[in-house]
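The values are calculated or read from the model by the stated rules, or taken from the named source; none is laboratory data. Bear in mind the structure is a predicted one, so any value in this text is a computation, not a measurement. Positions of Cβ are generated from backbone atoms using ideal geometry, with glycine treated the same way; all protein chains shown enter the neighbour counts. Just so you know, the surface numbers come from the protein's heavy atoms only, side chains and all, with ligands and any DNA or RNA stripped out. Shrake-Rupley method; radii C 1.70, N 1.55, O 1.52, S 1.80 Å.
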Amino acid sequence: MTVLTRQNLGSFLAKQGILIAFVLFMIGFAMVNQRFIAMDNISGVIRSSAILGVIAIGVTFVVIGGNLDLSVGSMMSFSTIVVLDLHDKIGPGLAIPAMFALTLLLGAFIGFLVGYLKLNSLIVTLGMLSAIHGLTLTWSGGKNMDIADKSGTWFSFFGQDRIMGIPVPILIFALLAAVLAMVLSRTSFGRKVYAVGGNGQAATFSGIPRARIVFMTYLISAFCVAVAGLLQASRSLGSQNTVGQGLELQVLAAVILGGASLLGGSGTVFKTVIGVLILGFIQNGLLLAGLDFYVQYMVTWAIIILAVWLDIAAKRGHLWSPIA
Amino acid sequence: MNDLQPVLRLEGIVKTFPGVRALDGVSFDLRPGEVHALMGENGAGKSTLMKVLGGVLAPNAGQIYVAEKPVSMTNPQAAKALGVVFIHQELSLAGELSVAENIFLGELPLKSFGRVDWKKLYADTDKILKTLNVSFNARTRVGDLSIANQQMVEIGRALTVDPRAVIFDEPTASLTDAEKVVLFEVIADLQTRGVGIIYISHRMEEIFKITDRISVLRDGQYRGTLNTAETDEDKVTQLMIGRSLDLSRNVSHHEMGDIALEVRGLSCGHLFEDVSFNVRKGEVLGFYGLVGAGRTEIAETIFGLRTPSAGQILLNGQEVQINSPIEAIRLGIALVPEDRKDQGLVLGMNCKDNMTLPQIGRLTKGPFVSDRAELAIFDKYRDKLDIRTPGWRQSVGNLSGGNQQKIVIGKWLSMHPEVLIVDEPTRGIDVGSKSEIHNLIRDLAAQGFAVIVISSEMPEVLHVSDRIVAMFAGRVMREFTSEDVTEDNLIQAISGLTGDKAA
Ligand SMILES: Nc1ncnc2c1ncn2[C@@H]1O[C@H](COP(=O)(O)OP(=O)(O)OP(=O)(O)O)[C@@H](O)[C@H]1O
Ligand SMILES: [Mg+2]
């Protein structure tokens, strides 16, 4: 019987581990620094998580569909630079739709390669990560991009204003999360994404156009990146060519933390949002605890690996198992 | 034999899953040198019991004894070390590896510095393959083998140790008659070596042919053990499902309509050549042949999964081009595929979602999927097919094998197709549900649907078909009507022994 209880505990830990770890982290941080649980700090964390969160929601679609998207960070740099550059050239009213169109075009290109040509998504998006970076540098000539008249533009609305006291980025994040959560969980398209990621062959046998579904997930991902680029550009009204650098891994961490399987077929928008918040609070907690900014990188990685391990352990029902 | 101590004994085994009491205090014993059948309806708990025995699942309560010594099977290796080997219902092979690597997976013979001793590996494997009498060799890539041959590899795996007890979980579900003969020889050989065999199957003929005793489970409870020689099918069925079955041949002669589907001179490379047949509305056309005769490939071509190299497909007299399953479905063709795990189901999805998948785009109200429309379909086919699940939210992967198969059948029946193609529809399905499904197929035909049944089970084809197409090596050998067919000429036709090729 002792064996059994140990096994049950193991499978409980495996299933709930990430939440338990999160709670322990939170308690620890709150004890080290009271400010951590102050209302303004919490609102601040959510606000600064908005950009990451918006992208993570899009990537959730790609991951559930059974693929990866490592190009999102570099793509967001592109969107940010493009919208800032066009702002002064054609005005914000045209710059925003133009930037969305260009970003969606990039997403469509990736979707075409992965969906229709069935190329490996890891390779394609890794390649696109650096190709889009090159594209951004070509566009900007390698220089930082700034809006000339920073105080006289309504463009700052998206990143800096509040509606009824709530920061606009949080509202946009919440709205996008709500809409895309409905799309994923309630529409037939969403169902097809799960089917394609869960078992592509069975999806084909069920008359689901696999290529088109994969293509669509990349379009959604690109759309979310464009929204994030807009938030980023609007908040700072100026940007380096590398604002989004490294974001792809944080996004992936958030998605996995939320419990989406990298093998595809599982995950939800809601869980991803939780993953984003966990990541945000942990990073914030580390800062408040007085640790250096770059410690985050190491901790983030440790968390990713922990999450992947628990993901697999939950499937096996054991934390550790001699068989695959 | 009776006075020998059992090689294996289970006592009061309990195993629960969330919402399911899969095993409820089951006891069971296995004597050396006997073939002991384990029977029960789909979901009765057979596979679960064997998984407990094989160290795959930990029981909530109960004790296992090997040679009357209490043991705990904490993992499959521990079980194997005690001489208990398990051949699973669902194949679990590495398709990219060779036969030899699969058979000795995890216990490859090594030389110094951890190098694999390939020579010994291949030699040992060939020795095992020889006893199995198979046509492939140790170096063949497993992914290139037919399902039947993969099954043989799985069996080969069990023979790497000197086993005390071997568990076969529905081993013949995808074997041809010839392959079954080989399997039974292997089993007889193990028997003479004093190995105890636990044999799970839904096929009564086999059970009565090779087993010594039959134990029956029902709803997770042990229902009793019968001596095979002293019982009959009816008694076993009674014990299993609590009633008798009427298995009389069911040829309801109803009106047949026009030709629904016609195939003329269809070829696809060397998979099948010059195949012509038709099926009328209201008719059940059986396709009988050996595994590999090209029947599945024909079905896949009609369903738009393969591109024919020659020939025509006509639907209601009109020639059609079918380039994808989407187009096939739109034309009213449905295919229940051969391989439920890879082609039929998304295992991680729940029962309802799997069942409504092909028509999900139609079940919407406004922009959203209508739960009510979906549940109406699910409830209807759960009742109709008697699918055992704690609820629609259960992952299909957690259902018993037979209940998974029923989900696939429900998925396509609920589409109300004009032409329904079913490829091995009752693989792994219990006797009661099998006759349900056969009746369902007959009913569909009576309602005017055209049905094509591909099966490797002769009784099944004979039972449900109005006409039977016999295939051999990618060619149609002969066509029989239900009047002129006999078991003998059917067997002749599918083994390529007959020369007269009917048009
Ligand atoms: N991992 C699991 N999680 C939840 N329920 C499970 C799991 N495995 C099996 N079950 C349930 O336990 C019951 C017994 O299943 P089992 O696979 O042992 O049936 P079986 O007798 O082998 O049936 P079949 O003849 O269809 O193969 C079923 O109701 C099944 O749904
Ligand atoms: Mg079973």
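Looking only at region A:60-68, decide whether some residue is part of a helix (DSSP H, G or I) and touching a Pro at 6+ places or on another chain (Cβ under 9 Å). Spell out the reasoning first.
To start, the set of residues in region A:60-68 that are part of a helix (DSSP H, G or I) comprises A:60-64.
Now drop any that are not touching a Pro at 6+ places or on another chain (Cβ under 9 Å), which leaves none.
No: region A:60-68 contains no residue that is part of a helix (DSSP H, G or I) and touching a Pro at 6+ places or on another chain (Cβ under 9 Å).
Answer with yes or no whether B:Lys46 is charged (D, E, K, R), within 16 Å of ligand 1 (Cβ to nearest atom) and touching a residue at least 24 places away in the same chain (Cβ under 8 Å).
Working: charged (D, E, K, R): yes; within 16 Å of ligand 1 (Cβ to nearest atom): yes; touching a residue at least 24 places away in the same chain (Cβ under 8 Å): yes.
Yes: the conditions hold for B:Lys46.
Among the residues of region B:142-173, which ones are within 16 Å of ligand 1 (Cβ to nearest atom), in a loop (DSSP other than H, G, I, E, B) and within 23 Å of B:Glu101 (Cα to Cα)?
B:Pro171, the sole residue that qualifies.
Is it the case that region B:50-70 has a residue that's without any contact (Cβ under 8 Å) to a residue 40 or more places away in the chain, more than 13 Å from ligand 1 (Cβ to nearest atom) and in a loop (DSSP other than H, G, I, E, B)?
Looking through region B:50-70, at least one residue is without any contact (Cβ under 8 Å) to a residue 40 or more places away in the chain, more than 13 Å from ligand 1 (Cβ to nearest atom) and in a loop (DSSP other than H, G, I, E, B).
How many residues are more than 13 Å from chain A (Cβ to nearest Cβ) and surrounded by fewer than 15 Cβ atoms within 10 Å (Cβ to Cβ) when one looks only at region B:47-66?
Result for region B:47-66: 0.
Of all residues being within 16 Å of ligand 2 (Cβ to nearest atom) and more than 11 Å from the chain's Cα centre (by Cα) in region B:401-457, which is surrounded by the most Cβ atoms within 10 Å (Cβ to Cβ)? Just the residue, please.
Residue satisfying both the conditions and the ranking: B:Lys406.
Check B:Gln89 against each of (1) under 30 Å from B:Trp392 (Cβ atoms); (2) of a type outside the set (Asp, Glu); (3) modelled with pLDDT of 90 or more and name the one condition it does not meet.
(3)
If we only count helices (runs of 4 or more DSSP H) wholly inside region B:428-503, which ones have 1 or more residues that are at pLDDT 85 or above and over 30 Å from B:Gly45 (Cβ atoms)?
B:431-446, B:458-464
Kindly provide the set of residues from region B:96-121 that are under 21 Å from B:Val186 (Cβ atoms) and surrounded by fewer than 18 Cβ atoms within 10 Å (Cβ to Cβ), ordered by number.
B:Leu105, B:Glu107
For region B:6-41, what are the residues that are within 16 Å of ligand 2 (Cβ to nearest atom) and within 14 Å of chain A (Cβ to nearest Cβ)?
B:Ile13, B:Lys15, B:Phe17
Residue under question is B:Leu93, and the condition is that it be farther than 23 Å from B:Glu170 by Cα and surrounded by 15 or more Cβ atoms within 10 Å (Cβ to Cβ); does it hold?
No, not satisfied.
Can you tell me which residues in region B:18-40 are touching a strand residue (DSSP E or B) at 6+ places or on another chain (Cβ under 8 Å), more than 7 Å from ligand 1 (Cβ to nearest atom) and part of a loop (DSSP other than H, G, I, E, B)?
Answer for region B:18-40, where residues must be touching a strand residue (DSSP E or B) at 6+ places or on another chain (Cβ under 8 Å), more than 7 Å from ligand 1 (Cβ to nearest atom) and part of a loop (DSSP other than H, G, I, E, B): B:Arg31, B:Pro32, B:Gly33, B:Glu34.
Would region A:208-216 turn up any residue that is free of Cβ contacts under 8 Å to residues at least 60 places away in the same chain and within 14 Å of chain B (Cβ to nearest Cβ)?
yes
Quick check on this structure: which one of B:Ser414, B:Ser370, B:Ser395 is within 12 Å of ligand 1 (Cβ to nearest atom), among the polar types (S, T, N, Q), outside the structural domain of B:His88 (by TED's automatic domain parsing) and under 20 Å from B:Lys352 (Cα atoms)?
Details: B:Ser414 fails: within 12 Å of ligand 1 (Cβ to nearest atom); B:Ser370 fails: within 12 Å of ligand 1 (Cβ to nearest atom).
B:Ser395 is the lone residue from the list that is within 12 Å of ligand 1 (Cβ to nearest atom), among the polar types (S, T, N, Q), outside the structural domain of B:His88 (by TED's automatic domain parsing) and under 20 Å from B:Lys352 (Cα atoms).
Would you please name the residue that is farthest from ligand 1 (Cβ to nearest atom), looking only at residues in region B:398-411 that are part of a helix (DSSP H, G or I) and more than 14 Å from chain A (Cβ to nearest Cβ)?
Looking at residues that are part of a helix (DSSP H, G or I) and more than 14 Å from chain A (Cβ to nearest Cβ), I get B:Lys406.
In the list B:Gln312, B:Gln343, B:Gln318, which residue meets the criterion of being touching a Lys or Arg at 6+ places or on another chain (Cβ under 6 Å) and polar (S, T, N, Q)? Full working, then the answer.
Numbers: B:Gln343 fails: touching a Lys or Arg at 6+ places or on another chain (Cβ under 6 Å); B:Gln318 fails: touching a Lys or Arg at 6+ places or on another chain (Cβ under 6 Å).
Only one candidate passes the filter, namely B:Gln312.
For region B:363-389, how many residues are at the interface with chain A (Cβ under 8 Å from one of its Cβ atoms) and open to solvent by 30 Å² or more (accessible area, probe 1.4 Å)?
3
Just one of A:Ile208, A:Ile220, A:Ile256 is under 30 Å from B:Met415 (Cβ atoms), within 16 Å of the chain's Cα centre (by Cα) and surrounded by 23 or more Cβ atoms within 10 Å (Cβ to Cβ); which is it?
Numbers: A:Ile208 fails: within 16 Å of the chain's Cα centre (by Cα); A:Ile256 fails: under 30 Å from B:Met415 (Cβ atoms).
After ruling out the rest, the residue left standing is A:Ile220.
Among the listed residues B:Leu335, B:Leu315, B:Leu331, B:Leu285, identify the single one that is within 21 Å of A:Pro209 (Cβ to Cβ), out of contact with any helix residue (DSSP H, G or I) (no Cβ under 7 Å at 6 or more places or on another chain) and surrounded by 17 or more Cβ atoms within 10 Å (Cβ to Cβ).
Exactly one residue qualifies, and that residue is B:Leu331.
Confirm whether B:Ala44 is in contact with a strand residue (DSSP E or B) (Cβ under 8 Å, 6 or more places away or on another chain), within 16 Å of ligand 2 (Cβ to nearest atom), open to solvent by less than 20 Å² (accessible area, probe 1.4 Å) and in a loop (DSSP other than H, G, I, E, B).
For B:Ala44, the condition - in contact with a strand residue (DSSP E or B) (Cβ under 8 Å, 6 or more places away or on another chain), within 16 Å of ligand 2 (Cβ to nearest atom), open to solvent by less than 20 Å² (accessible area, probe 1.4 Å) and in a loop (DSSP other than H, G, I, E, B) - is met.
For A:Thr272, state whether it is at pLDDT 85 or above, crowded, with 18+ Cβ neighbours inside 10 Å and within 14 Å of another protein chain (Cβ to nearest Cβ). Quick ask: steps written out before the conclusion?
Working: at pLDDT 85 or above: yes; crowded, with 18+ Cβ neighbours inside 10 Å: yes; within 14 Å of another protein chain (Cβ to nearest Cβ): no.
Here the answer is no, as A:Thr272 does not meet what is asked.
Name the pairs: first residue in region B:150-173 and within 14 Å of chain A (Cβ to nearest Cβ), second residue away from ligand 1 (no atom under 16 Å from the Cβ), Cβ to Cβ under 9 Å, at least 6 apart or on different chains?
Within 9 Å, the pairs are B:Arg157/B:Val85; B:Arg157/B:Leu93; B:Arg157/B:Asn102; B:Arg157/B:Ile103; B:Arg157/B:Phe104; B:Arg157/B:Leu105; B:Arg157/B:Ile128.
Grab the strands (runs of 3 or more DSSP E) fully contained in region B:263-357, keeping just those with 2 or more residues being within 14 Å of another protein chain (Cβ to nearest Cβ).
So the answer is B:333-336.
Wholly within region B:176-248, which strands (runs of 3 or more DSSP E) include no fewer than the required count, namely at least 1 residues that are surrounded by fewer than 20 Cβ atoms within 10 Å (Cβ to Cβ) and away from ligand 2 (no atom under 16 Å from the Cβ)?
Details: elements: B:196-200, B:213-218, B:221-227.
Filter on region B:176-248 gives B:213-218, B:221-227.
Regarding B:Val14, is this residue over 19 Å from B:Ile87 (Cβ atoms) and in contact with a strand residue (DSSP E or B) (Cβ under 6 Å, 6 or more places away or on another chain)?
Judged against the criteria, B:Val14 is a match.
Report, by residue number, each residue of region B:72-87 that is within 13 Å of another protein chain (Cβ to nearest Cβ) and part of a loop (DSSP other than H, G, I, E, B). Break it down stepwise before answering.
First, the residues of region B:72-87 that are within 13 Å of another protein chain (Cβ to nearest Cβ): B:72-81, B:86.
Once the filter is applied, which keeps residues that are within 13 Å of another protein chain (Cβ to nearest Cβ) and part of a loop (DSSP other than H, G, I, E, B), region B:72-87 yields B:Ser72, B:Met73, B:Thr74, B:Asn75.
Restricting to region B:82-116, count the residues that are within 19 Å of B:Leu159 (Cβ to Cβ) and either without any contact (Cβ under 8 Å) to a residue 24 or more places away in the chain or not aliphatic (A, V, I, L, M) (or both). Outline the logic, then answer.
Pass one, region B:82-116, residues within 19 Å of B:Leu159 (Cβ to Cβ): B:82-89, B:91-94, B:97-109.
From what is left, the residues that are either without any contact (Cβ under 8 Å) to a residue 24 or more places away in the chain or not aliphatic (A, V, I, L, M) (or both) are B:83, B:86, B:88-89, B:92, B:98, B:101-102, B:104, B:106-109.
Adding up the residues that qualify gives 13.
Which count do you get for residues in region A:144-197 that are outside any helix (DSSP H, G or I), within 12 Å of chain B (Cβ to nearest Cβ) and surrounded by fewer than 17 Cβ atoms within 10 Å (Cβ to Cβ)?
So the answer is 0.
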